[in-house]
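Reading through the structure tokens given below for one structure.
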Amino acid sequence: MSGNVLIKDQNILGGVPVFRGTRVPFQALLDYLEGGQTLGDFLNDFPTVTRETAIGALEEAKALVVSRLG
């Protein structure tokens, strides 16, 4: 997936990073995964986020971490 799937806008949830086109915070996905829930669980609970978008967001986060450590 190309382009940023996450946005940060002061007018949307006070600037918390959200999935583009939604009001779903990226942190919610991380919390689900950290808590042992699956990506499927997250997608079922947040139907405005597509599987492609969620995976794209995780790939963006991974790229940021790798670039900082590299």
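What follows draws every value from the coordinates through simple rules; no lab data is involved. Note that the structure is a prediction, hence the values are computed from the model and not measured. All Cβ positions, glycine included, derive from the backbone under ideal geometry; neighbour counts span all protein chains shown.
Label-point separation (nm) for residue 62 and residue 8, each offset 7 Å from Cα along Cα-to-Cβ?
Here the answer is 2.2 nm between the modelled labels.
Rounded if a/c is under 1.5, else prolate if a/b is larger than b/c, else oblate: which is the range 6-69, with a ≥ b ≥ c the root eigenvalues of its Cα gyration tensor?
Oblate, because a/c is 1.5 or more while a/b does not exceed b/c.
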